[in-house]
Structure formats: C-alpha cells, structure tokens
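The values are calculated or read from the model by the stated rules, or taken from the named source; none is laboratory data. Please read all numbers here as calculations on a predicted model, not as lab measurements. Backbone-built Cβ (ideal geometry, glycine too); neighbour counts: all protein chains shown.
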Amino acid sequence: MKHPDGFPGFDAKWKETYRELIATPKMALGQIKPGSRIFIGTGCSAPQPLIEALCNDAKHLTGIEIVHLITFGAAPYADKRLSGLFTVNSFFVGDNIREAIHGGWADYTPIMMSDIPLLFSRGQLPLDAALVQVSLPDERGMVSLGISVDIVKSAVENASLVIAQVNPHMPRTRGDSSISVWDLDILTLGETPLLEYTLPEPTQEMQTIGRNVAALVEDGSTIEAGIGSVPQSVLPFLQEKKNLGIHTELVTDAILDLIDSGAVDGSRKTLDSGRIVTSIAAGSRRLYETLHDNPLFSFQPTEYVNDKVIISQQAKMVAINSALEVDLTGQVCADSIGTQIHSGIGGLVDFNYGAAHSKGGKAIIAMSATAKRGERSRIVSELSPGAGVALLRGSIHYVVTEHGIAYLHGKTLQDRAMSLISIAHPDHRAKLLKKAIKLHLIRPEMSFLEGKQMVGSRDLCTTMTQKDGTVIQFRPAHPTDKRSIEGMLYSLSERSVYRRFMSNMKRFSFQEIKNIIYIDHRRDVVIVGTIPEADGEKIVAVGGYYLDPGTNQAEVAFMVRDDWQGRGLGGFLMKYLVSIAKRNGIQGFVAETLRENRGMQTVFHHSGLNVRTHIEDDVLCFDMKFC
C-alpha cells in the first residue's frame, strides 16, 4: 500500500537534510544560461513542472537546444511560437513533437539507442543541464530514477548542471537506477502524479499479428517488445507459454497480465536469471506501484539493456519490433514515411542484431499489412522516395503481418519477393507481383500467378499435438514453400515416391511442384503440416484436394515424410480436408492408391465417409461420398 507521503522507504527528514539544495523551479531554471543545451527526462518521467517553468521563463533565454529521447505529455517547448528561442533535437519522434518536426522548426537525430550515451560521455553532444525526475531520497541519501533509467542516467552523469524534481509518486526501482542526492545540483519539489500511458485497444488485425508472432515464440524464450502498439499487442498472446524471460527497453501494462498468467519467470534466462530487465516503464498507476522496490524488475541503463553483445548472449532471444515499410528485397524503413520523419530507430537495430546472433533467437518485424485504411500497402516493391533504411536487406529475418509469416534471411531475391507478396494484403498482391516481375525480382514465367489469391485463409490453420508433446502446425501451402516441398519430395524413399506417384520418379518437374503450391485456394486446397526449425519451419506432411467442377467431387492425395509416417498425420489431414470440403459445398472425394499401400487405404476406410471401391489393374479406386 502506498505511504501517505509517497512510496514507503524514504527519509522523512530529507527536506531538512538537503535544504541547501532545494529551490523553486523558477529559481532552479534561473541557473541556466542562454545558449545552453538542456536534456529532458524520458517518457512518462518527463518533469512537467520544470518544463512548464522553462517555457514560462522563455523570454529570458535564447539559443536553447532541448535534447531528449521521447517524452509523453505536453511539449510546449516545441510550439512554433517559441521556435526562435528553443531548438528541439529529438532521438525519437513522438506525437507531441511530430508537428514541429514536419513543420521544420524542430529536428531529429537518427541514431541507434545503444549509441546515444556515447554522445554524452565522449563529449560529442555535451550537456549543459539535465531536467529529470527522481524518487524521494532514502535514509542512505540515494534517489531512484524510477521508471526512466535508459539514457537518463548517462545524461545525469555527464551534464554540468542537474536539476531534479523530487516526486513522492516516483517508485524506487531495483537495478542500476540509483543516484546519490549529492550528485544532483538542485532539487525542486513536485508532487504531480506521474504521466500515464494507455495502450490503444488492439484491432482485429493487431490480434491476428499477435497470434502469428506468438506461434514463433518457444517456451523458455527471452522477449523484447519494442515501442509501438503492434509489438506490445503481441504480449497477451504469450500467456500460454512457459518459462519466458524479459529483456526489453520498455515495459507497459501488458507485462502485468503476462506475469500474472505465470508465463514469465525468467528461469531459463542465460543472463539475469529470474529478473525482468528493462530501462523504461510507461503505463498506469498500477504498473508503477507494482514496480516499487520489486526485486522481480531490474532497471538498467541503455548501455546495458541495448548492448548487442549482452542481448546476443541470451539464449532464445526473441526481438519483436515494428516497421513502416518493407520492400520486396527485405529493406526495412522504421522511422519515416518517405522523407517525412515519423518515429525513430530506437532499439530496433540493437535488438534485431542481438536476437539474430542469439542461440535459437528470432529477430521479428511485425506490422500491419496496410496503412490508410487499406489504401497503402506497407509491403512495397520499392521504398518510398526518401525513406530511411533502418535494417539492411542482409539483416532481416522474420516479417509478420496479419496475413502470415515470411522468413527472409539467407533467401534469394525471388524467394524474398514471393514470401513478402504472400503476406501482403490480398488487394495489393497482384500489383506487387507485376512490379516484382518488372524489376526482375521474380522470373517472367511466374506471371501466371497474377490475379490469384496466393495464400489461403487463416481460417484453414489448425494444430495437432503428438503424444510426445510435439505440436504440428497445419496451414495452407504458400508459394514460398517451393523449396521446402522440393526438399520433402527428394527426401522420400523410393517406396514412398512409388506409392504416392505410382512410378519410380527420380526427378520432380516444375509442373508437378506447381500443381501442389500454386493454386487459387478457392477451388483447390493444399494443406501442409510443419514443425519449427531454426530457419523457419520444416514441412513434414502435405495433403490436398483438387476439385472437378463437372462432378463436384475432388481428388484427394497425401504425402508424409518417411520419418513421420505411422504417427497419424494422414488420418488427421483426411478428416481436416473433409471438414474444409464440406464447408465449400463439395459432394465427396475420389482417390487412387496402389493395392499394396495399406496405410493409405486404412486412412480412407476410417474416414467416416460412405466409401465404395473398385479395382483397376493394380490400383484401388475410392469413391467417398460425404454423409
């Protein structure tokens, strides 16, 4: 429970002990000289009374440069009317200064978050003053930076003048968040409640993206969810996971339910076992109260949290970040829409690199497939003119939208383009395919795909759990499955090939593979069963049907890798395809199998359908009507 005078554990006599340091905001800001560079604390910890006093006294100051990462709440210093007095230099563009950035009277420094403290410590961006917010002092004379340690600690350590608003509402957080009162120059009193940040209600699209990303997260993973509504919307879909860890620059209220679900215990973290490592908190009073003196949380400076080497040392590190555009070669734009700066690089590059180099890690870009209510595709043939490239095409791994998952790392330009087109919005796929062919990213002979719905509906996705706990994901076949399907075909034994194709085939033509994966998903259906692998997934089974409109019956066929035969995959696929076909108004299935193929015959006879058979030479023909 909150103490009447603030969070518990403070020095009740602190005002008397440090009275020579205490001043009013106006008196404190009077120590700032014209031409100074002033740092302002991050996020919900931006000291609003000090900001207000600074702007109220603006007429006495000229040539002031204001530097910060991102601040929430009011930013009156970015008002155009004060642009002759204040210059704003932000490392990340938030809602409160975006108009000023777009209007040209504020500025943006593109930089990786891990590099910002070096600007201060090396003197490249010397700070004359820092305006920050801290907790009440404890009996040892230590205050906490509370919910904002990030680059704030480096700013405090390097600024010539540190003015700190002491606020009883600021929780004392564990970790490397404490500073001696004697390292602060001026203390001001401010009992204003901390700013609160509310996550937007997730849309249906965001929920689908969350489920898609969650499918990539294994038990025992360590998670980073970056700034933005899309990465944060993934967290609720991780509540069924086990033994998750957290190492992230930002925590929001979304972390609370994830902890309460029991999914997060940090027990398998390689570093900081049992601890949630972060540097910024932005959320509700409930979150702030949870953080107070809580040993589960370890607030660390950006120098540690965003260190690529530290991140890469976490086994199964999963980095979830968002983007504004991804082109068909895999270049990622994260901070601008064309030439117009929208946000920032933040920790995207740091965590993408770290997760990509982690043992069993995954670097994920999650984003909605479209913007402007579906009018603009975020997957583009070419980045918009002037768009910044945050991630090079050689650094990209996973891209996730509401329409699926594309794995790009180590893939050819054609495979990348096909993968990304397959997870773009259906309304934009034909145009992207046509442009990809024109740009020679995709071979001209692939033009037959134009106009087709290249990926089946997510409604056709399901799972099967084996007795040993292995979960097999079943989904519609994608055009990007070409190489995986080829690999599966060539892995089959001669016996399996003969039973499936009724011939001793040694090579599989493009036409045969085309008939498996390049379908329109309206008349025909092909479902693949997959298990996760380091480079995405491995196809272990394929089942599909091909409709004859004249009879309204479909030919059904299956393939299962030799090492997965006898585990019920054929029977599962058969029943699942039957349910899909019934929904599509199909009358029944037909099939042909060799008389020696007892396994496939068992699948058909146990399908629950009205089965009739007849023999033609050495082939058993099945006619299976739906009941």
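Going by what's in this entry, would THR530 be described as more than 20 Å from SER503 (Cβ to Cβ), of a type in the set (Val, Ile, Thr) and surrounded by fewer than 15 Cβ atoms within 10 Å (Cβ to Cβ)? No; evaluated as a whole, the condition is false for this residue. Give just the number: which of (1) assigned to a helix (DSSP H, G or I); (2) within 16 Å of the chain's Cα centre (by Cα) does ASP257 not satisfy? Result: ASP257 passes all but (2). All told, VAL264 meets the bar of being farther than 23 Å from ILE405 by Cβ, among the hydrophobic types (A, V, I, L, M, F, W, C), buried (at least 21 other Cβ atoms within 10 Å of the Cβ) and free of Cβ contacts under 8 Å to residues at least 24 places away in the same chain. Being in contact with a helix residue (DSSP H, G or I) (Cβ under 8 Å, 6 or more places away or on another chain) and buried (at least 20 other Cβ atoms within 10 Å of the Cβ) is the filter; apply it to region 68-81 and report the residue that is nearest to LEU119 (Cα to Cα). Selected residue: LEU69. Whether any residue in region 323-340 is touching a Lys or Arg at 6+ places or on another chain (Cβ under 8 Å) and farther than 30 Å from LEU383 by Cα is what I want to check. No, because not a single residue in region 323-340 is touching a Lys or Arg at 6+ places or on another chain (Cβ under 8 Å) and farther than 30 Å from LEU383 by Cα.
Conditions (1) in contact with a strand residue (DSSP E or B) (Cβ under 7 Å, 6 or more places away or on another chain); (2) without any contact (Cβ under 8 Å) to a residue 40 or more places away in the chain, marked per residue:
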{"position": "ILE513", "(1), (2)": "no, yes"}
{"position": "ILE531", "(1), (2)": "yes, no"}
{"position": "VAL540", "(1), (2)": "yes, no"}
{"position": "TYR546", "(1), (2)": "yes, yes"}
{"position": "GLU555", "(1), (2)": "yes, yes"}
{"position": "MET559", "(1), (2)": "yes, no"}
{"position": "GLY571", "(1), (2)": "no, yes"}
{"position": "ILE580", "(1), (2)": "yes, no"}
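Set side by side, the residues GLY123, GLY84 differ, and just one is free of Cβ contacts under 8 Å to residues at least 60 places away in the same chain and over 21 Å from SER160 (Cα atoms), which is GLY84. Among residues belonging to region 17-67 that are over 14 Å from SER90 (Cβ atoms) and among the hydroxyl-bearing types (Ser, Thr, Tyr), point out the one that is surrounded by the most Cβ atoms within 10 Å (Cβ to Cβ). Among those that are over 14 Å from SER90 (Cβ atoms) and among the hydroxyl-bearing types (Ser, Thr, Tyr), it is SER45. Could you tell me whether any residue of region 561-569 is in contact with a strand residue (DSSP E or B) (Cβ under 8 Å, 6 or more places away or on another chain), over 23 Å from GLU494 (Cβ atoms) and either surrounded by 17 or more Cβ atoms within 10 Å (Cβ to Cβ) or assigned by TED's automatic domain parsing to the domain that holds LEU216 (or both)? No, that holds for no residue.
If you go through region 432-481 and keep only what is modelled with pLDDT under 75 and basic (Lys, Arg), you end up with LYS452, ARG458.
Restricting ILE32, ILE22, ILE51, ILE97 to residues that are within 37 Å of the chain's Cα centre (by Cα), aliphatic (A, V, I, L, M) and closer than 20 Å to ILE163 by Cβ narrows the list to ILE51. Selection within region 395-416: residues that are surrounded by fewer than 22 Cβ atoms within 10 Å (Cβ to Cβ) and polar (S, T, N, Q). The member of this set that is farthest from LYS435 (Cα to Cα) is SER395. Of the strands (runs of 3 or more DSSP E) entirely within region 74-191, those holding at least 2 residues that are out of contact with any Phe, Trp or Tyr (no Cβ under 8 Å at 6 or more places or on another chain) occupy 129-134, 142-144, 161-166, 178-180, 186-189. Reported count of residues in region 477-490, each being touching a Ser or Thr at 6+ places or on another chain (Cβ under 7 Å) and under 18 Å from GLY570 (Cα atoms), is 0. The test for being out of contact with any Pro (no Cβ under 9 Å at 6 or more places or on another chain), within 19 Å of ALA129 (Cβ to Cβ) and not charged (D, E, K, R) holds for SER45. Check whether at least one residue in region 406-428 is in contact (Cβ under 8 Å) with a residue 40 or more places away in the chain, among the aliphatic types (A, V, I, L, M), within 30 Å of SER114 (Cα to Cα) and not in a helix (DSSP H, G or I), and report yes or no. For region 406-428, residues in contact (Cβ under 8 Å) with a residue 40 or more places away in the chain, among the aliphatic types (A, V, I, L, M), within 30 Å of SER114 (Cα to Cα) and not in a helix (DSSP H, G or I): present. Considering region 266-296, the residues that are of a type outside the set (Val, Ile, Thr) and part of a helix (DSSP H, G or I) include one that is nearest to the chain's Cα centre (by Cα), namely LEU287.
Screening the candidates LEU199, LEU195 for the property of being part of a loop (DSSP other than H, G, I, E, B), within 30 Å of TRP14 (Cβ to Cβ) and either touching a residue at least 12 places away in the same chain (Cβ under 8 Å) or not hydrophobic (A, V, I, L, M, F, W, C) (or both) yields one hit, LEU195.
The C-beta contact set for region 331-354 (first residue outside the structural domain of ILE311 (by TED's automatic domain parsing) and at pLDDT 95 or above, second residue aliphatic (A, V, I, L, M) and assigned to a loop (DSSP other than H, G, I, E, B), distance under 8 angstrom, 6+ apart or interchain) is empty. The conditions of being out of contact with any helix residue (DSSP H, G or I) (no Cβ under 8 Å at 6 or more places or on another chain) and either within 16 Å of VAL326 (Cβ to Cβ) or of a type outside the set (Lys, Arg) (or both) are not met by HIS397. Restricted to strands (runs of 3 or more DSSP E) entirely inside region 522-623, those with at least 3 residues that are among the charged types (D, E, K, R) are 536-548. Does region 77-85 include one or more residues that are within 32 Å of the chain's Cα centre (by Cα) and outside the structural domain of VAL389 (by TED's automatic domain parsing)? The answer is yes; a qualifying residue exists. Going by what's in this entry, would LEU256 be described as free of Cβ contacts under 8 Å to residues at least 40 places away in the same chain and either assigned by TED's automatic domain parsing to the domain that holds LYS359 or closer than 26 Å to GLY360 by Cα (or both)? Criteria met by LEU256. Kindly indicate the residue of region 216-228 that is crowded, with 18+ Cβ neighbours inside 10 Å and out of contact with any His (no Cβ under 7 Å at 6 or more places or on another chain) and also farthest from LYS15 (Cα to Cα) among those meeting that condition. Among them, the one singled out is LEU216.
Of all residues in region 65-85, those satisfying the criterion of being at pLDDT below 95 and closer than 19 Å to LYS33 by Cα are LEU82, SER83, GLY84, LEU85.
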